[in-house]
Amino acid sequence: MQGHEQVSGPAGLGTVSDARLSSVLQTAVDGIIVIDDVGTILVFNKACELMFGYKADEVVGRNVSMLMAPEHAEAHDGYIDHYKETGQKRIIGIGREVRARHRDGNFFFIDLSVGEAITPEGRQFVGILRDLTARKDTERRVNELQADLIRLARVSALDEMGSALAHELNQPLTAILLYLQAVGREFSKARENGGSDKSDERARTILDKARHEAQRAGQIIQRIRSLVEKRGPERKRVALNAIIDDAVDLTTLGQDRGVIVARDYHPELPEIEVDPVQIQQVVVNLVRNAYEAVKGCKGGRIDIGTRCEDRWVVLTISDNGPGIPADTLEDLFQAFKTGKRSGMGLGLAISRTIAQTHGGDLTVDPGGAGRGASFMVRLPLPSADTQEDVYVESPR
Ligand code: ADP
């Protein structure tokens, strides 16, 4: 910027050397803020006025931290000092998503990139800001729709499993009925014979068995309920083996008992942070597919294992069926692609989406030529530093 004529710049800029600069600043779609090396606002353009609800003359001369959410505001002066002392850049030339504070006190997300300028008045920092509110709203809506779809797919899978589950529930209920009849008979016999410790003992044993069956029925219903319940996505620290086991138990109900289901869990798997119901949904999908694949094969076998690998927890579900047919493989994870006559083709698409929204992935070794398919779900271990410093340099 070379001084020719002195024009009145955007509020707060004082006099600047180029009228064109002023018009660029004021017509820019992005917000532009210039601060000096102690954080005092020098320039606040029109786009910023719209974004923050302040007029330029209300903010120029004040510290820029007034426009930041508390987590950034407190650190900001220290951050500038740190940079001046060490020259270490944490945001300059990088840019990132931060929370800003509107005049009305509400917070909103912006994309902020910062450049540095050495001027005759000293070191200045130029921030370019883009309002992310609309993008965030869209992202939230997409997430909501995705969660609805995932839940619908879960309910539809359970719907398909309905008759097997009903059959499975019928078993303990029938057993309870038979046990209760047997206790009744024991009581009548005891009354006829004047009662004895032995018949009391027999009645108690039968009642214990009935109670056990009632608990089994209750557990089945509980598992189904937790999968169909309408609830938003949530993240919890969980022991993966336990939630996998629960889902496997549910899926194997009413299935071909000739199929061996072998479980080989890492005994000391670290806890991970997931939505347990969604991860169970993945297990239900993969184990159901594996059953379908080995159906009718002699010596059908499904292997379910967990292990730790670098910063991942890995779940594998393999079978000894025919493997993935070549014509299915290409679009295997695409929605509505199915190799089955009655399939929806949603199971793998949704399972991969769930794995990926957890920061992991779902991959397949398709097998074939005498080998069955093997699916692998990778989920990240929680990182040590869960709360990242907002200004720490990170790839975007
Ligand atoms: P759906 O089961 O409704 O067809 P999926 O997305 O779960 O939908 O599966 C897509 C297709 O992938 C299946 O139709 C089947 O052809 C194939 N597939 C999935 N798992 C296996 C497996 N373990 N072995 C062989 N083929 C499989």
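The values are calculated or read from the model by the stated rules, or taken from the named source; none is laboratory data. What you see is a predicted model; the values in this text were computed from it and never measured. Here the Cβ positions follow ideal geometry from the backbone for every residue, glycine too, while neighbour counts run over all protein chains shown.
Observations
- Sole exception among (1) modelled with pLDDT of 80 or more; (2) surrounded by 11 or more Cβ atoms within 10 Å (Cβ to Cβ) for ILE94, by number: (1)
- Residue among GLY305, GLY347, GLY339, GLY359 that alone is crowded, with 21+ Cβ neighbours inside 10 Å and either within 19 Å of GLN280 (Cα to Cα) or in contact with a Ser or Thr (Cβ under 9 Å, 6 or more places away or on another chain) (or both): GLY347
This table checks each residue for (1) among the aliphatic types (A, V, I, L, M); (2) near the ligand (Cβ under 10 Å from one of its atoms).
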site: PHE333; (1), (2): no, yes
site: GLY370; (1), (2): no, no
site: ALA373; (1), (2): yes, yes
site: LEU379; (1), (2): yes, no
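- Every residue from the stretch 159-196 that is surrounded by fewer than 13 Cβ atoms within 10 Å (Cβ to Cβ) and either in contact with a strand residue (DSSP E or B) (Cβ under 6 Å, 6 or more places away or on another chain) or polar (S, T, N, Q) (or both): SER163, ASN170, THR174, GLN181, SER188, ASN193, SER196
- Restricting GLU234, GLU268 to residues that are farther than 24 Å from GLU160 by Cα and modelled with pLDDT of 85 or more narrows the list to GLU268.
- Leading residue by the ranking (nearest to the chain's Cα centre (by Cα)) among those in the stretch 301-325 that are more than 11 Å from the ligand (Cβ to nearest atom) and farther than 20 Å from HIS358 by Cβ: ASP303
- Just one of the listed residues (SER383, SER394) is more than 13 Å from the ligand (Cβ to nearest atom), farther than 24 Å from ALA239 by Cβ and at pLDDT below 80, and it is SER394.
- Taking (1) under 19 Å from GLY370 (Cβ atoms); (2) among the β-branched types (Val, Ile, Thr); (3) part of a loop (DSSP other than H, G, I, E, B) in turn, THR328 satisfies each apart from (3).
- Some residue of the stretch 279-287 being at pLDDT 95 or above, within 8 Å of the ligand (Cβ to nearest atom), surrounded by 16 or more Cβ atoms within 10 Å (Cβ to Cβ) and in a strand (DSSP E or B): no
- In the stretch 359-368, residue farthest from GLY300 (Cα to Cα) [restricted to those that are in a strand (DSSP E or B) and within 10 Å of the ligand (Cβ to nearest atom)]: VAL364
- Number of the exception - ASP137 against (1) surrounded by 12 or more Cβ atoms within 10 Å (Cβ to Cβ); (2) out of contact with any helix residue (DSSP H, G or I) (no Cβ under 9 Å at 6 or more places or on another chain): (1)
- All positions within the stretch 156-177 that are more than 14 Å from ILE221 (Cα to Cα) and under 25 Å from the mean Cα position of the chain (by Cα): SER156, ALA157
- Among the residues examined, ILE41 does not qualify as touching a helix residue (DSSP H, G or I) at 6+ places or on another chain (Cβ under 6 Å), closer than 15 Å to ARG130 by Cα and at pLDDT 95 or above.
- Some residue of the stretch 347-358 being more than 8 Å from the ligand (Cβ to nearest atom), more than 21 Å from the chain's Cα centre (by Cα) and of a type in the set (Ser, Thr, Tyr): no
- Within the set LEU132, LEU149, the sole residue that is touching a residue at least 12 places away in the same chain (Cβ under 8 Å), surrounded by 14 or more Cβ atoms within 10 Å (Cβ to Cβ) and within 21 Å of GLU234 (Cα to Cα) turns out to be LEU149.
- Selection within the stretch 294-325 - touching a helix residue (DSSP H, G or I) at 6+ places or on another chain (Cβ under 9 Å), polar (S, T, N, Q) and part of a strand (DSSP E or B): THR306, SER318
- From ILE224, ILE206, residue being among the β-branched types (Val, Ile, Thr), at pLDDT 85 or above and surrounded by 12 or more Cβ atoms within 10 Å (Cβ to Cβ): ILE206
- Test for GLN281: is it under 23 Å from the mean Cα position of the chain (by Cα) and free of Cβ contacts under 8 Å to residues at least 12 places away in the same chain: no
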